[in-house]
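The values are calculated or read from the model by the stated rules, or taken from the named source; none is laboratory data. From a predicted model like this one, the values you see are computed outputs, not experimental measurements. Note that each Cβ is placed from the backbone with ideal geometry, even for glycine, and that neighbours are counted across all protein chains shown. Protein only, heavy atoms only, side chains kept; ligands, DNA and RNA dropped before computing areas. Shrake-Rupley method; radii C 1.70, N 1.55, O 1.52, S 1.80 Å.
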Amino acid sequence: MRLKYYLAASASALFAILGLPGSVRADAPKDVPQGHWAYSAVDDLASKGLIKGYPPEGGFFGKRTVTRYEMAVVIQRVLARVDDLVGAKADKGSAGTPAQGVTPEQLAEVRKLVDDFRAELTVIGTDMEKVKADIGDLKTEVGGLNDKVNGFDTRMGADEKRIGDVNLLADQGLKSISELKTATNAALAKKVDVNVGKLRLGGLFQIWYGNPFGNAPGGASNGAAAPGRNYGGGPGDTFRLRRGEIILKGSPVNRVDYTGIFNLPSTGTGSAAPLLDLFIGYQLTPRFRFEIGQQKTGLSEEGTRTSGQLLTVARSIMSEDLPKNAGRIGNAYDTGAVLRYKAGPVSAFVGAWNDNGATQSVVDSNRQKFIDAGLYVSPAHHLTLGLWGGTNIGDSKPAEGRDRAGFTTIWQSGPHLLEIEGAYARDYAAGAPGAGLGGSLANGGYALYAHSLSKSWQLFGRYDMWSPAVRPDGSTAAITLANGTTVDAFDNSLREYTFGVNYYLLGHNAKVMLNYIREDPGAGGVAFWGKPRSMLLSNFQVAF
């Protein structure tokens, strides 16, 4: 209210006391009609430059309520105009003399009013500065709120993504559970009903067809199988029921299992033992396992594989067809016990057996035992290195000799596979010279390279060399092997070259194999290996 009073008093004093016209004529705002009752007042204020129209049209907007900011502008213009008018009046009089028509008291009153208005304007200005500061603080707070809102949006977006990921994982988990349920139901449908625990039934069937290109598969001209390397004998090209195995695997209680593999009658040059594997396993700890019964003695990596896992139709020379007591290394079944260890890239075993295959499925013929061990390590990705060996121990008199030692190197990367195994063997019959380096030595090995063209097609090549009898003293005299076969100690080795292709219908479970084999025995080994020959050998296999 005080501001309105001062404004009315100031206007009255200025026009009554000073009574000066405006300096520059300005038209009244366009939206004030001349017939309006306030037109003269608006026109007078506009002519004195105290009010102006609002841009851009220059309108007055007389019906709108005036703001404090607009009032401050008008008052500021009034005061500035008062200063100009008072100064002009004072300049017309002499020093210390009142201006013309104005008493000292009036001039003092005007100046007092001006000073009072200035105080009011200062308060208004202070308020306006505070308002500006408040507006600035408000803008800062709004900016902070915007940042927080943006942060909330970002976190909400991240949360939404995590929720989406969780939902995806949940969906995948439900799908996996559904698939596991389906697989479990299928497995239960196939489960053999047993009295205790669970039992799985499997098997392997292999049918061979061999074409020796007019020669005998065993290498002898009369069709009889040679004492050493042969492929079932016979007079010529023939079909052969090579393997028929029935596999039983079960577990009556937790951490205890059993395995039985039975060999069905097949065509060949002799009756094969009907029992292959029959042992019980005990999982002592997550890393240690104990097995007792009949199974492979574990020498050589290739010799330990099942028949269905081979890359070639026939095994390497050192693990197949050789007499079990005259140089054979792997693929030898015997009865005994073995302790196995597996932890990460390291696996090992220690076993005690009746013999290294010579007592398969029969009672031990002496008090000796064959003790063997093996260690396999993967020091780098794709690489496996192994050492293995064994020997006879015991106080049997006279004693048989059975010594074995060898190494394994396997490298596999992508479609490439490289295998190299080498071995040493010494055998002598009971009562034969056996002290020191007595008896006969055998040595050799193989190297295989395979390349997978696709999931179904694989090419490979393998080189084998084995010498069944080497005199430690370097003599070339004939040697009688532990099984009674006599060979010349000079150049009695066999060199074998195998090239082939494998077509996998279902991994190793169903496949067709085709091998071309070339065998070149030394001059002193024809009696043992048969004459040089080539052979086309095929295998049709199904495992279940």
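Here is a list of conditions, (1) in contact with a Ser or Thr (Cβ under 8 Å, 6 or more places away or on another chain); (2) at pLDDT below 95; (3) among the aromatic types (Phe, Trp, Tyr), and TRP388 meets all of them except one; can you say which number that is? (2) is the only condition that TRP388 fails.
The residue that is nearest to the chain's Cα centre (by Cα), among those in the range 385-401 that are assigned to a strand (DSSP E or B), touching a residue at least 40 places away in the same chain (Cβ under 8 Å) and farther than 12 Å from TYR424 by Cβ, is GLY386. Got at least one residue in the range 461-483 being of a type in the set (A, V, I, L, M), open to solvent by 70 Å² or more (accessible area, probe 1.4 Å) and not in a loop (DSSP other than H, G, I, E, B)? Scanning the range 461-483 turns up no residue that is of a type in the set (A, V, I, L, M), open to solvent by 70 Å² or more (accessible area, probe 1.4 Å) and not in a loop (DSSP other than H, G, I, E, B).
Looking at the structure I just gave you, is GLU421 in contact with a Gly (Cβ under 9 Å, 6 or more places away or on another chain), open to solvent by 40 Å² or more (accessible area, probe 1.4 Å) and of a type in the set (Asp, Glu)? Outline the logic, then answer.
Values: in contact with a Gly (Cβ under 9 Å, 6 or more places away or on another chain): yes; open to solvent by 40 Å² or more (accessible area, probe 1.4 Å): no; of a type in the set (Asp, Glu): yes.
It is false that GLU421 is in contact with a Gly (Cβ under 9 Å, 6 or more places away or on another chain), open to solvent by 40 Å² or more (accessible area, probe 1.4 Å) and of a type in the set (Asp, Glu).
Scanning the range 443-481 for residues that are at pLDDT 75 or above and small (Gly, Ala, Ser) yields GLY444, GLY445, ALA447, ALA450, SER452, SER454, SER456, GLY461, SER467, ALA469, ALA478.
Screening the range 404-413 for residues that are touching a residue at least 24 places away in the same chain (Cβ under 8 Å) and either surrounded by 18 or more Cβ atoms within 10 Å (Cβ to Cβ) or in a loop (DSSP other than H, G, I, E, B) (or both) and picking the one that is nearest to the chain's Cα centre (by Cα) gives ILE410. Which one is farthest from the chain's Cα centre (by Cα) among residues in the range 488-522 that are closer than 17 Å to MET318 by Cα and among the β-branched types (Val, Ile, Thr)? Per the criteria, the residue is ILE517.
Looking only at the range 490-528, count every residue that is touching a helix residue (DSSP H, G or I) at 6+ places or on another chain (Cβ under 7 Å) and either of a type in the set (A, V, I, L, M) or closer than 20 Å to ARG426 by Cα (or both) and tell me the total. Adding up the residues that qualify gives 5.
The residue that is most open to solvent (accessible area, probe 1.4 Å), among those in the range 331-347 that are part of a strand (DSSP E or B) and among the hydrophobic types (A, V, I, L, M, F, W, C), is LEU339.
Residues in the range 197-216: is at least one surrounded by 15 or more Cβ atoms within 10 Å (Cβ to Cβ) and modelled with pLDDT under 85? Yes.
So for the range 424-442 (the condition being modelled with pLDDT of 95 or more, open to solvent by less than 50 Å² (accessible area, probe 1.4 Å), in contact with a helix residue (DSSP H, G or I) (Cβ under 9 Å, 6 or more places away or on another chain) and not in a loop (DSSP other than H, G, I, E, B)), does at least one residue qualify?
Checked the range 424-442: no residue is modelled with pLDDT of 95 or more, open to solvent by less than 50 Å² (accessible area, probe 1.4 Å), in contact with a helix residue (DSSP H, G or I) (Cβ under 9 Å, 6 or more places away or on another chain) and not in a loop (DSSP other than H, G, I, E, B).
For the range 497-519, the criterion of being under 26 Å from ALA358 (Cα atoms), at pLDDT 90 or above and out of contact with any Asp or Glu (no Cβ under 7 Å at 6 or more places or on another chain) is satisfied by no residue at all. Report, by residue number, each residue of the range 387-402 that is open to solvent by 20 Å² or more (accessible area, probe 1.4 Å) and under 18 Å from ASP364 (Cα atoms). If the condition is that a residue be open to solvent by 20 Å² or more (accessible area, probe 1.4 Å) and under 18 Å from ASP364 (Cα atoms), then THR391, ASN392, ILE393, GLY394, ASP395, LYS397, PRO398, ALA399, GLU400 are the ones that fit. Name the residues in the range 277-306 that are buried (at least 18 other Cβ atoms within 10 Å of the Cβ) and within 22 Å of GLY444 (Cβ to Cβ), would you? Once the filter is applied, which keeps residues that are buried (at least 18 other Cβ atoms within 10 Å of the Cβ) and within 22 Å of GLY444 (Cβ to Cβ), the range 277-306 yields LYS296, THR297, GLY298, LEU299, SER300, GLU301, GLU302, GLY303, THR304.
Candidates GLY298, GLY293, GLY344: the one that is of a type outside the set (Val, Ile, Thr) and under 17 Å from TRP388 (Cα atoms) is GLY298.
Can you work out which of the residues in the range 305-319 that are touching a residue at least 24 places away in the same chain (Cβ under 8 Å) and in a loop (DSSP other than H, G, I, E, B) is nearest to ALA469 (Cα to Cα)?
So the residue we want is SER316.
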